[in-house]
Amino acid sequence: MLPLARPHPAAQPLVNATSPSFLVMNPNFETILANWRLLRSLVTCCLVLAIAASCTSARSLVWRTQTSRAKANLEIQVAPAAKPGQYTLSGTADLPKGTELTVIAVRYLHLSQSPFKTVDPKPTYSILAYDTVNVEGNRWQTQLELWRVAPSGQFQEAWQLTEPDLALAVEPEAQVVFLATLAPIHDLQAIEQQLARRDRQFASRFVQTTAEGNRYLQTGQVLAVNLPTGTTTPVATRAEDINGGWGNRFLDLPDPPNTRQLEFPDQRQTNAPVAREELLY
């Protein structure tokens, strides 16, 4: 029997590089292919995240542009009234109905001779008049009387009435500052939330902060106001004009009258036993 002839090596079929048998037979290539797929997935995720972030930034920019709120009104107008020394204050305010505003007139005073040795003394001020007014239909109005009547009948401002007692030489400014204030006792945050629902907000120039950190609203107007002139009929001094109604506290008050009638016999004689209340110990 003749032996079977072996086929020539060149005649053996070649293994395709892409065939499963090749992948099994080449573990290094399988690792490289897995790493490539992982890298491709990471690159795809990064691109998706970058596109999403850019879209989010653009959307937030559009949102900020669309939600820019209109400015809420807080205005004051000051005009002289028909009566000398009287001024009419009015204005608008985007505040809830019934909100109470405080209006005030202030004149600043510069000390000509300061009792303290300072290089640049700060000016003091005098409150000429003030009042409270309620906001009705986003509007408010009131009147302030800046002139007062001295005991001599001369028209003066509040600081002029007390200037002789204080013994201070001051130089008043030619202008008076009129202010409309929403006191810090009101919840400004709640008011701002109500305005935000209507896409409105107060400008930063209207929002003030106290030394304690409380926020409040304030607007004002400066107007040139001359000092009082002329005289009128003198008025009697009222009790509230003396020390704010407290009177001269340095004076001793008289003792109130004693309405009880006590007996003081010349000779007190009795044979009654001593009562417990009569004993000192």
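None of the figures in this text is laboratory data; all of them are computed from the coordinates on show. A quick note: this is a predicted structure, and the numbers were derived from the prediction, not measured. Note: ideal-geometry Cβ built from the backbone for every residue, glycine included; neighbour counts use all protein chains shown.
Each part reduced to its alpha carbon centroid, region 222-281 and region 189-216 end up 50 Å apart. Computed from backbone phi, the HN-Hα couplings of region 173-189 come to 6, 7, 10, 10, 9, 9, 10, 10, 10, 9, 4, x, 5, 7, 7, 5, 4 Hz, rounded to whole numbers (Karplus: 6.51 cos²θ - 1.76 cosθ + 1.60, θ = phi - 60°; Gly and Pro given as x). In this structure, residue 175 and residue 232 have a Cβ-Cβ separation that, at R0 = 25 Å, corresponds to a calculated FRET efficiency of about 0.50. The stretch between residue 275 and residue 192 holds 22.4 nm of extra length on full extension. This uses 0.36 nm per residue minus the Cα-Cα distance.
Amide H contacts under 5 Å for residue 111: 124, 171, restricted to partners 5 or more places along the chain or on a different chain, H placed in the peptide plane at 1.01 Å from N.
Take each peptide in 160-172, 263-275, 96-108, 239-251, count the other Cβ atoms within 10 Å of every residue, and average; sorted highest first, the result is 96-108, 160-172, 239-251, 263-275. Cβ-Cβ distance of residue 122 and residue 243, R₀ of 22 Å, FRET efficiency by 1/(1 + (r/R0)^6): the value works out to about 0.25. With the simple model of a label 7 Å out from the Cα in the direction of the Cβ, residue 167 to residue 266 spans 6.0 nm. Counting charges near residue 175 (Lys, Arg +1; Asp, Glu -1) among other residues having Cβ under 15 Å from its Cβ returns a value of -2. Grab the other residues whose beta carbon is less than 10 angstrom from that of residue 90, score K and R as +1, D and E as -1, and report the net. Within the 10 Å Cβ shell, the charges total 0.
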